[in-house]
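The values are calculated or read from the model by the stated rules, or taken from the named source; none is laboratory data. What you see is a predicted model; the values in this text were computed from it and never measured. When we count neighbours, we look across all protein chains shown, and the Cβ atoms used for this are built from the backbone with ideal geometry, even at glycine. Surface accessibility is based on the protein's heavy atoms, side chains included, excluding ligands, DNA and RNA. Shrake-Rupley method; radii C 1.70, N 1.55, O 1.52, S 1.80 Å.
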Amino acid sequence: MELAVGAGGMRRSASHTSLSESDDFDLSRLLNKPRINVERQRSFDDRSLSDVSYSGGGHGGTRGGFDGMYSPGGGLRSLVGTPASSALHSFEPHPIVGDAWEALRRSLVFFRGQPLGTIAAFDHASEEVLNYDQVFVRDFVPSALAFLMNGEPEIVRHFLLKTLLLQGWEKKVDRFKLGEGAMPASFKVLHDSKKGVDTLHADFGESAIGRVAPVDSGFWWIILLRAYTKSTGDLTLAETPECQKGMRLILSLCLSEGFDTFPTLLCADGCCMIDRRMGVYGYPIEIQALFFMALRCALQLLKHDNEGKEFVERIATRLHALSYHMRSYFWLDFQQLNDIYRYKTEEYSHTAVNKFNVIPDSIPDWLFDFMPCQGGFFIGNVSPARMDFRWFALGNMIAILSSLATPEQSTAIMDLIEERWEELIGEMPLKICYPAIENHEWRIVTGCDPKNTRWSYHNGGSWPVLLWLLTAACIKTGRPQIARRAIDLAERRLLKDGWPEYYDGKLGRYVGKQARKFQTWSIAGYLVAKMMLEDPSHLGMISLEEDKAMKPVLKRSASWTN
């Protein structure tokens, strides 16, 4: 089925960035580039940070080879020859799997006859389309993983190349030019049936609610490029000059040195999945975890040539500093909470324990009851005189998958989910953040955003798309029973409710008040979770093993001994 997403009857983006028939340059030749043949039993190399010389040595252009990937199911398994559908497994798929695939394929967007992505939602009942008829970079990731797991990599290849081409366009918002490496938040395919011309229009934030450019799009692009390479065993795409340059441009934006004394990435509110004002400005956990994962993926994909070598060394240095910072200052468990509760303030010099001058009275009351004796999580934000103690699902799941979390911390996150099942899972997985902001705080933090009322949308709503991230984290930590239980909950309602975007309420019992139906990443998230649980070797696409070179040192300062 070919779906040309047009503008008829829909609200058109105000973006000036477009790609028409004559603007495709020579990048289309990459789509027809010969593919290498890879042994089916071997997969893309995971290279360790310990292989990188921090003093400037590098590998001088050498590349790691292919090696087997350990599957949690036992033995060495191939990601190249994964089954085409769950029907090929030894047990019957759930009845809604077929409906999910049909809905996912209905959301496909075609550009010049080739599938290029999936629109955000296929909700014909909604009066306002807004930008749900566009292909979002972050939204497409679970769709891409579903197609990769189903042995259909070409759509992912097309998507990676076309978004790379859009990255090269000049990006201006109100006469102000964005960084060269910025990736679009979304793009739209416009089809002129009279002229027979397809055109792409990209949005880099100039049409977004709040006019905030996405920081996470570039990170997701690198992560997806690695997933494609890992799944297919095809190195040719990642090694093209265009992909290498695209990665370097993204990295240039986030590795630049300035006034910041932290290795984390300073970001505006609304720059990630939580794309409305929710008080996540500063150093949100979601961006830091994605930043860490993208750096590790880029380390595997970048060539060690003259241009790539410098970035490899900068990445290695940043990863060491970032892992120390996050594991030390963003991590919270019962002991750490007790330590913060007893902090002294106004400490000066490098011997300070309370380095960020956090006032203990700022610890919210709910946290003391929420924190179990066994368990922990990465808090939402750390900056001068401020700790955002909220739980954010995506950042914690990515921390596990990227090995930003140590094995002990990953286990503690899973312990927390089990201990606080009603709060974080409830009746529909998974709370995007916990707890919700209410009353006067809600008015100040969200700007009285009517969509982000308590326990709704980004303010404590439940998002089915997060099911795939939870499942991946469960498999990696050896806790598949948690994922199985969560998937069982989702299967009771998702199809019946029309695959909604999000659910409302403390337990996620109600379909979101403004949730679109047939939300594509809700559909794809379920399929990815299902396929991953049935064939755990798929985890290798999106998971990175712990790097032994980054040994965790969790002391808060040289003087911290208690």
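Of the helices (runs of 4 or more DSSP H) that lie entirely inside the range 239-349, those containing 3 or more residues that are touching an Asp or Glu at 6+ places or on another chain (Cβ under 7 Å) span 285-301.
All conditions but one from (1) open to solvent by less than 30 Å² (accessible area, probe 1.4 Å); (2) assigned to a loop (DSSP other than H, G, I, E, B); (3) on the phi < 0 side of the Ramachandran plot apply to G498; the one that does not is (3). Listed by first and then second residue, the pairs with beta-carbon distance under 7 Å, at least 6 apart or on different chains, first residue in the range 362-389 and farther than 12 Å from L332 by Cα, second open to solvent by 30 Å² or more (accessible area, probe 1.4 Å) and of a type in the set (S, T, N, Q), are P384/N357; A385/N357. Close contacts from the range 496-510, counting a first residue that is under 25 Å from W101 (Cα atoms) and modelled with pLDDT of 95 or more and a second that is basic (K, R) and not in a loop (DSSP other than H, G, I, E, B), with Cβ to Cβ under 9 Å and a gap of 6+ residues or different chains, come to G508/K431.
Where in the range 81-169 are the helices (runs of 4 or more DSSP H), entirely inside, with at least 1 residues that are in contact with a helix residue (DSSP H, G or I) (Cβ under 8 Å, 6 or more places away or on another chain), modelled with pLDDT of 90 or more and over 24 Å from L494 (Cα atoms)?
Details: elements: 96-106, 137-149, 154-167.
Helices (runs of 4 or more DSSP H) meeting the threshold: 154-167.
Report yes if some residue within the range 206-219 is more than 23 Å from N396 (Cα to Cα), touching a residue at least 40 places away in the same chain (Cβ under 8 Å) and open to solvent by less than 10 Å² (accessible area, probe 1.4 Å); otherwise report no. Looking for residues that are more than 23 Å from N396 (Cα to Cα), touching a residue at least 40 places away in the same chain (Cβ under 8 Å) and open to solvent by less than 10 Å² (accessible area, probe 1.4 Å), one finds none in the range 206-219, hence no.
Being at pLDDT 95 or above and within 23 Å of the chain's Cα centre (by Cα), is that true of even one residue in the range 437-445? Looking through the range 437-445, none of the residues is at pLDDT 95 or above and within 23 Å of the chain's Cα centre (by Cα). Residues in the range 468-490 that are surrounded by fewer than 17 Cβ atoms within 10 Å (Cβ to Cβ) and either in contact with a Ser or Thr (Cβ under 6 Å, 6 or more places away or on another chain) or of a type in the set (D, E) (or both): D488 alone.
The requirement of being farther than 27 Å from D275 by Cβ, of a type outside the set (D, E, K, R) and part of a loop (DSSP other than H, G, I, E, B) is satisfied by G478.
Residues are listed down the side, and each one gets a yes or a no for (1) under 25 Å from D369 (Cβ atoms); (2) in contact with a helix residue (DSSP H, G or I) (Cβ under 8 Å, 6 or more places away or on another chain):
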site	(1), (2)
Y283	no, no
L290	no, yes
L295	no, yes
K303	no, yes
R318	no, yes
F330	yes, yes
D333	yes, yes
N338	yes, no
Y343	yes, yes
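Applying the selection to the range 308-353, what residues are within 30 Å of T240 (Cβ to Cβ), open to solvent by 10 Å² or more (accessible area, probe 1.4 Å) and among the β-branched types (V, I, T)? Across the range 308-353, the qualifying residue is only T317. Inspect all residues belonging to the range 229-238 and state whether any of them is in a helix (DSSP H, G or I), touching a residue at least 12 places away in the same chain (Cβ under 8 Å) and open to solvent by 50 Å² or more (accessible area, probe 1.4 Å). Scanning the range 229-238 turns up no residue that is in a helix (DSSP H, G or I), touching a residue at least 12 places away in the same chain (Cβ under 8 Å) and open to solvent by 50 Å² or more (accessible area, probe 1.4 Å).
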